[in-house]
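K.L.:
Right, I'll just put the structure down here and ask away after.
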Amino acid sequence: MQIFICGDSTAASYNPEETQMVGWGQLLGNHLPAVTVVNLAMAGRSTKTFLQEHRLDPVSSKARPGDLMLVQFAHNDENEKKPERYVPLPAFRENLSTFVRFARELKLIPVLLTPICMRVWQGGVLQPTHGEYPAAAAAVADSLSVPLIDLYTESFRIVSALGEEGSKGLFMPDDIAHTRFAGADRFAVFAADGLKRKGLIPGS
């Protein structure tokens, strides 16, 4: 089985010789040894730009029926300061639906994931991030009967439990969004376990 990951910088793979930044998608295969992970996630991409740049083409050429296609966006979709990336909520829902339809046309199994939380603290309390985008992803999953892995809720729980200082070890220095190995691995474990719990990984 192959797993194709479509997403942004928080899921992307990085060269360890260039940066300590690690996306959860980069480590997913470590926890699913019988699966081949093809990580197509790319920094700076929203659902809009990912589709505009034809980044689904490798899925069309390499995927086989029964493979999984994981889709996780929001960080760039919600960024109104960068109009080239910004995707308002109605279009975000429609774009996610486009990913789902694409996967199903190829007889793949689509899986939607909510985005990992950002490390934003005020007065010692972790603040909600991403607005209505996680709920929008969950709503699309529900309406189209697509498996959902709620990375947002789980990452929020993990970061909140570690506290403002303790959670620094999961993220890059002075960075509220991007993880180093420790954070990426925690979130990759949750994603892998979620796929197993939902019976999407053979033998699990």
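K.L.:
Of the residues ALA63, ALA184, ALA74, which exhibits the maximal mean-square fluctuation in a Gaussian network model of the chain defined by a 10 Å Cα contact cut-off?
P.N.:
So, out of ALA63, ALA184, ALA74, the one fluctuating most is ALA63.
K.L.:
Going Cα to Cα from LYS62, which lysines come in below 16 Å? Please leave out same-chain ones fewer than 8 positions away.
P.N.:
Cα-Cα hits under 16 Å: LYS107.
K.L.:
Just one of (i) 119; (ii) 151; (iii) 179 is volume of the Cα convex hull per residue in Å³ calculated from these coordinates, so which is it?
P.N.:
The value matching this structure is (i).
K.L.:
Expressed as a rounded percentage, what relative contact order does the chain have, with Cα pairs under 8 Å and six or more residues apart? All intermediate terms of the calculation are to be shown ahead of the outcome.
P.N.:
Values: 379 pairs, mean separation 46.7, N = 204.
Dividing the mean separation by the residue count of the chain yields 23 percent.
K.L.:
Taking the chain as a Gaussian network, Cα atoms linked when under 10 Å apart, which of GLY166, GLY44, GLY183 shows the biggest mean-square fluctuation?
P.N.:
GLY166
K.L.:
From the helices alone, meaning DSSP H stretches of at least four residues, give me the mean residue ellipticity at 222 nm for the chain, per-run term -39500 (n - 2.57), in deg cm²/dmol to the nearest 500.
P.N.:
-11500 deg cm²/dmol
K.L.:
The chain: longest stretch without exposed trypsin sites (Lys or Arg not before Pro) (DSSP loop, at most 14 other Cβ within 10 Å), sites themselves excluded?
P.N.:
108-197
K.L.:
Going toward the positive end of the dipole of the chain, with +1 on Lys and Arg Cβ and -1 on Asp and Glu Cβ, which of VAL35, ALA11, SER167 do you reach last?
P.N.:
Farthest along the dipole direction, towards plus: VAL35.
K.L.:
OK, next. The range 88-125 to the range 1-41: how many Å between their Cα centroids?
P.N.:
A separation of 17 Å, based on Cα centres.
K.L.:
If the elastic network links every pair of Cα atoms under 10 Å, which of ASN30, ASN39, ASN76 fluctuates the most in the Gaussian network model of the chain?
P.N.:
With Cα springs under 10 Å in the chain, the top fluctuation among ASN30, ASN39, ASN76 is at ASN30.
K.L.:
Same structure again: Roughly speaking, what % of Cα-Cα pairs in the range 112-204 are separated by over 16 Å, rounded to a whole number?
P.N.:
That tail contains 57 percent of the Cα-Cα pairs.
K.L.:
Moving on. Helix 133-143 sits at what angle to the longest principal axis of the chain, using alpha carbons and giving 0 to 90 degrees rounded to 10?
P.N.:
Tilt relative to the chain: about 30 degrees.
K.L.:
For the range 75-182, state which GluC sites (Glu not before Pro) are in a DSSP loop and have at most 11 other beta carbons lying within 10 Å of their beta carbon.
P.N.:
Hits after loop and neighbour filter: GLU80, GLU84.
Quick note: the coordinates plus some simple rules give every number you see, no bench work behind them. Everything numeric here is computed off the predicted structure, so don't read it as measured data. Cβ atoms come from the backbone with ideal geometry, glycine included; neighbour counts cover every protein chain shown.
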